[in-house]
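*Asks:* Here it is, the structure, as structure tokens.
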Amino acid sequence: MSALVEMRGLGIRSAHRTLVEDISFDIDAGKVTALVGPSGAGKSLTARATMCVLDVAPGLFAGSLRYPAHDPAIDWFEGVRGGGARAQAALLERSRVLRGAYLTYSPQAASSALNPGRTIGQQLAMAIGRRAQPPADLGEEIRRVLADVGLSPRAAASLPGELSGGMCQRAALAIAVAPKPRLVIADEPETGLDPVLRRAVVELLVEVCQVHGAGLLLISHHEDTVQRLAHAVIRLPGRSGGGER
Amino acid sequence: MINRARTDTPVVSLRGLRKQFLVGGALPWSPKRVVNAVDGVDLELREGEVVALVGQSGSGKTTVSRLILGLERPSSGEIWLDGQRWDSLSEAERRARRLPYQYVPQDAMGALDPQQTALEHVMETLTVLGGCAPADAEAKGMAMLRRLGLAERRDALPREMSGGEQRRVTLARVLALEPRLVVADEPTSGLDPDRRGSVLEDLIGNLPPKAACVLVTHDMSEARDWCHRVVVMLAGRVIEEVDLHAARPAHPYARVLFDPWSGPLPRGELASTGCPFRPDCPDAAGVAGGRCAAELPTLRPRGPEGSGAHRVACHAEGPRQAPSADPAQVGAS
Ligand code: SF4
């Protein structure tokens, strides 16, 4: 089976210093891949680069990025290396079709990705609408996705503000998997949670990705989580001399 | 790592502390109900001691920390600070005596004045609260900033500071007053894991030698690494007090909190009679006579007689109070 992501020799720099250098990894379909490393090692930067989001300048100076399960021929970083902000902006535009479909992103505070002015059902309908093949019965599909994350069908009619924090987290996860992505990128979903909630959140994330057949790139700084759940680990080396105390 | 000498002189004593809140329902007309946020807490903190107060949200740990300093009034029970009854004082009387007892809030940015520099923050505390002359306050304030590695940031405004720097300015303000007691409510929340250690090092490493400190946290590694003793709360009660340098947590709930992968994940349902943890407890079935359902377990010393440092509120602990108890058998009956 071809990999979902094939990153080779990723190198990104800011105006002052090299942020990541020579990072290579594969992300396999249907598996949990953990991305770990000390703070300042460029975990978020690497995760964003994995979805063609390059937002520092001059930015990308080396590396290639392929999505073999999508199209093994395309190197998305072609013409972007050393091209600076303009080339990166063009890549962002060109890769728009991938985000929210081939791969989805779940930010650190997952519920911040919810639109406060739309019901959970409306947001799910949009997410499901990004699938290559629309479901026969949208209402039924919304109920099914909600059930997968342990929410009742009634949640569809609610605005995010009417749900508890934990329910919002589940709703956000439902929206991340609803497009049937091949890969979900979860940016430190454990941040700020106590140990019990931490386990509950990542277990749900892994389970839901598995149910939907999606691979998961899990950014984590909790060794116990990585040990328990990850099939593969990408370790970023720490950078000396950088970062504030 | 914690390396502070303790004496036997208590700084804080809590006796039978209770706090009830009246909370409204989802809608304005839903009936209000009484919540026992803190439900009978006894706790002693001695000079030099750093104690972690841990638990999930809603366990009552933040309420206890606020009660200690008189930021909330208890429904019943007693609070003693340095041998003086604290809860029966009027707010005016407390204000006159408050200086040695300081609070570090969770939200550093919210606690700082956007228009004041790092040094001005510390100086203001020293002059307004500490009664220092301005020249004195500047010297003392600078000395404290220097100790926290902020000397070069003396003129920085809060918005120009990193999260860690903001945190350290709130610490500098409190530590400059040479407190007897510091209660810190999740002082590292929102910081990167690598920066957390340095904030705690700055706080605990710069406490006056005999000061006591309460660290409220839900990060168990902070509790383990930076505190003499850990106090675990569940449903408003203390369910375990343990020195993690000498023993492992024994209460079934404390065990999951310290190692969330060690057993079934609690769903957070609490029983209203008997032991509150019963619905989620893997050990309840092994306790004879249905005691877990019938009787609220109270804190009892565990391990070698007289050490008293390890106390657990769990019926499964009953038969193992003899000094010969095997620590490896915890909770296995
Ligand atoms: S008292 Fe019973 S229910 Fe409560 S923690 Fe101990 S064994 Fe479990």
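*Asks:* What are the radius of gyration and Dmax of the range B:1-133, computed over its Cα atoms and given in Å?
*Replies:* 17.7, 54
*Asks:* A follow-up question, please. Averaged over peptide B:187-194, how many Cβ atoms belonging to another chain are found within 10 Å of each residue's Cβ?
*Replies:* Numbers: counts 0, 0, 2, 2, 1, 8, 6, 8.
Average per residue, whole number: 3.
*Asks:* Moving on to the next point. Find which of A:ALA85, A:GLN133, A:SER111 sits farthest along the positive direction of the dipole of chain A, computed with +1 on the beta-carbon of Lys and Arg, -1 on that of Asp and Glu, about the Cα centre.
*Replies:* Farthest towards the positive end: A:ALA85.
*Asks:* In straight Cα distance, which lysines are under 30 Å from B:LYS32, not counting same-chain residues fewer than 8 positions off?
*Replies:* Output for B:LYS32: B:LYS19, B:LYS61.
*Asks:* Under a Cβ-only charge scheme (Lys and Arg +1, Asp and Glu -1), can you give me the dipole magnitude of chain B about the Cα centre, in debye to the nearest 20? Walk me through the numbers on the way to the answer.
*Replies:* Working: 41 positive and 43 negative charges, 127 e Å.
My answer is approximately 620 debye.
*Asks:* Inside 10 Å of the C-beta atoms of A:193-204, what's the mean count of C-beta atoms belonging to other chains?
*Replies:* Numbers: counts 4, 11, 12, 11, 6, 2, 6, 5, 0, 1, 3, 0.
Mean number of neighbouring Cβ atoms from other chains: 5.
*Asks:* Can I ask one more? Over chain B, what portion of Cα pair distances is larger than 34 Å, expressed as a whole percent? It would help to have the intermediate numbers written out before the result.
*Replies:* Details: 15892 of 55278 pairs.
I get 29 percent for the Cα pairs in chain B exceeding 34 Å.
*Asks:* Would you mind computing Rg(Cα) / (2.2 N^0.38 Å) for the range A:147-245, counting N as its residues? Don't skip to the end; give the middle numbers.
*Replies:* Details: Rg = 15.4 Å, N = 99, 2.2 N^0.38 = 12.6 Å.
Output field value: 1.22.
*Asks:* Another one. Work out Dmax and Rg for the range B:103-217 from the C-alpha atoms and quote the Rg first, both in angstrom.
*Replies:* Cα only, the range B:103-217: 12.9, 39 Å (Rg, Dmax).
*Asks:* Determine which lysines satisfy two conditions relative to A:LYS180: a Cα distance under 23 Å, and not lying fewer than 8 residues away in the same chain.
*Replies:* Those lysines meeting the cut-off are A:LYS31.
*Asks:* Also, quick follow-up: So what's the angle, to the nearest 10 degrees on a 0 to 90 scale, between helix B:193-205 and the longest Cα principal axis of chain B?
*Replies:* Once rounded, one gets 70 degrees.
*Asks:* Quick one: plug the Kirkwood hydrodynamic radius of the protein assembly as shown (C-alpha pairs) into Stokes-Einstein at 20 °C, 1.002 mPa s, and report D in µm²/s. Present the calculation step by step, with values, prior to reporting the outcome.
*Replies:* On the way: Rh = 26.5 Å.
Answer from the Stokes-Einstein relation: 81 µm²/s.
*Asks:* Rounded to the nearest 20 Debye, what is the dipole magnitude of the protein assembly as shown about its Cα centre when Lys and Arg each give +1 and Asp and Glu each give -1 at the C-beta?
*Replies:* Numbers: 68 positive and 67 negative charges, 115 e Å.
Value, rounded to 20: 560 debye.
*Asks:* May I ask for the distance between the Cα centers of the range A:1-41 and the range B:67-81, given as a whole number of Å?
*Replies:* If you average the Cα positions of each part, the centres end up 52 Å apart.
*Asks:* Cα to Cα, under 14 Å, and not fewer than 8 places away if on the same chain: which aspartates and glutamates meet these conditions relative to B:LYS210?
*Replies:* B:ASP8, B:GLU47, B:GLU49, B:ASP82, B:GLU178
*Asks:* Rounded to whole Å and sorted largest first, what semi-axes of the equivalent ellipsoid does the C-alpha gyration tensor of chain A yield via the square root of 5 times each eigenvalue? Don't skip to the answer; put the middle values down first.
*Replies:* On the way: eigenvalues 182, 87, 55 Å².
Semi-axes, largest first: 30, 21, 17 Å.
*Asks:* Sticking with this structure for a sec: Evaluate peptide B:216-224: per residue, the Cβ atoms of other protein chains within 10 Å of its Cβ; return the mean as an integer. Intermediate values should be presented prior to the final figure.
*Replies:* Numbers: counts 0, 1, 7, 4, 2, 2, 0, 0, 0.
Mean number of neighbouring Cβ atoms from other chains: 2.
*Asks:* Can I ask one more? Counting only C-alpha contacts under 8 Å and six or more residues apart, can you give the relative contact order of chain B as a whole percent?
*Replies:* After rounding, I find 18 percent.
*Asks:* Still on this structure: Cα-based Rg of the range A:41-134 per 2.2 N^0.38 Å, rounded to two decimals?
*Replies:* Details: Rg = 15.2 Å, N = 94, 2.2 N^0.38 = 12.4 Å.
The reported ratio for this selection is 1.23.
*Asks:* Just order A:135-144, A:65-74 by mean Cβ neighbour count inside 10 Å, highest at the front, would you? Let's see the in-between values first.
*Replies:* Details: A:135-144: 14.4, A:65-74: 16.4.
Highest to lowest by the protection proxy: A:65-74, A:135-144.
*Asks:* Heavy-atom accessible area per residue, the range B:1-105, 1.4 Å probe: how many Å²? Intermediate results must be reported in sequence, preceding the final value.
*Replies:* On the way: 5250 Å² over 105 residues.
I get 50 Å² per residue for this part.
*Asks:* Can you give the Rg/Rh ratio of the range B:110-178, where Rg is from the C-alpha atoms and Rh is the Kirkwood radius? Show your work: numbers first, answer last.
*Replies:* Numbers: Rg = 10.6 Å, Rh = 11.4 Å.
Result: Rg/Rh = 0.92.
The values are calculated or read from the model by the stated rules, or taken from the named source; none is laboratory data. Remember, predicted model here, so these are calculated numbers, not experimental data. Positions of Cβ are backbone-derived with ideal geometry, glycine not excepted, and every protein chain shown enters the neighbour counts. All accessible areas refer to the heavy atoms of the entire protein, side chains included, with ligands and DNA or RNA removed. Shrake-Rupley method; radii C 1.70, N 1.55, O 1.52, S 1.80 Å.
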